[in-house]
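The structure appears below as structure tokens.
The values are calculated or read from the model by the stated rules, or taken from the named source; none is laboratory data. These figures come from a predicted structure and were not determined experimentally. All Cβ positions, glycine included, derive from the backbone under ideal geometry; neighbour counts span all protein chains shown. Areas reflect the complete protein model, heavy atoms only, side chains present, ligands, DNA and RNA absent. Shrake-Rupley method; radii C 1.70, N 1.55, O 1.52, S 1.80 Å.
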Amino acid sequence: LMPLAALGMLVTVLLNARMGLIAQVLLCLAVGQITSGRLDLILYNLAGGLVGIYSLRRVSRINTFVSASVYIVLANVVVVVTFALLGGALDTMRVGQSVLSSVLNGVLATILTLGGYSLLGMAFNITTKLQLLDLARPTHPLLRQLLLKAPGTYHHSIMVGNMAEQAAEIVGADALLARVG
């Protein structure tokens, strides 16, 4: 039960996937050094971390974290079962405990990532995707006030935001940032 995938995921959502990949590989090398080169633990942490990084490379909704958790659990279970089958004698109790640990590991890594994402974003004044999503929702107090006091301006702002989002998607820019801006 080592939610080490949280480091790569957190670096990915705060910075980018390349930096998350570097952090995760370095962490797995450290795990290899600490555990005297146990390949099963290295691959376990590497697989979960890489899947988590890949899942969160484009955070667009809070549901992205939920799906990342599921993918991490699946990757961890595959590694655990693979090494259990390669080990020869199959101890179902031990495999069951390892699978349960894999499930808890994926869920805990995602919870740590989401919590760290929010806390570090506030602490270092980083505008996160979740903050942008909050600003973009139609029920935001500022947009509600604009709708009530200046409906024409509200409609124009929504239309320009939609066009900016589409243009940003075409050129590969941050579509959510363009929409909110």
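At a glance:
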{"read-out": "Using θ = phi - 60° and Karplus 6.51 cos²θ - 1.76 cosθ + 1.60, couplings along the stretch 74-80 (whole Hz; Gly, Pro as x)", "value": "4, 4, 5, 5, 4, 5, 4"}
{"read-out": "Within a Gaussian network of the chain (alpha carbon springs, distance under 10 Å), most fluctuating of Gly20, Gly161, Gly49", "value": "Gly161"}
{"read-out": "Mean Cα-pair separation over length for the stretch 1-149, i.e. relative contact order, pairs under 8 Å, 6 or more apart, %", "value": "26"}
{"read-out": "Probe 1.4 Å - accessible area at Arg137, Å² to nearest ten", "value": "90"}
{"read-out": "Accessible area expressed per residue, the stretch 64-118, with surrounding protein chains retained (probe 1.4 Å, Å²)", "value": "54"}
{"read-out": "Relative contact order (percent, whole number), the stretch 38-111, Cα cutoff 8 Å, 6+ residue spacing", "value": "36"}
{"read-out": "Rounded accessible area of Phe83 (nearest 10 Å², 1.4 Å probe)", "value": "70"}
{"read-out": "The stretch 130-145 - phi-based ³J(HN,Hα) in whole Hz, Karplus 6.51/-1.76/1.60, Gly and Pro as x", "value": "5, 5, 5, 4, 5, 5, 7, 6, x, 8, 4, x, 5, 5, 4, 5"}
{"read-out": "Entry for mean projected area of the Cα convex hull in nm² (calculated from the structure that is shown) out of (i) 9.7; (ii) 11.0; (iii) 12.4", "value": "(iii)"}
{"read-out": "Probe 1.4 Å, all protein chains present, accessible-area order of Lys149, Lys129, largest first", "value": "Lys149, Lys129"}
{"read-out": "Heavy atoms of Ile111: accessible area, 1.4 Å probe, square angstrom to 10", "value": "100"}
{"read-out": "Residue-by-residue Karplus 3J(HN,Hα) for the stretch 2-14, coefficients 6.51, -1.76, 1.60, Hz, glycine and proline x", "value": "10, x, 6, 5, 4, 5, x, 5, 5, 5, 5, 6, 7"}
{"read-out": "Net charge over other residues, Cβ less than 12 angstrom from the Cβ of Ala68 (K, R count +1; D, E count -1)", "value": "+3"}
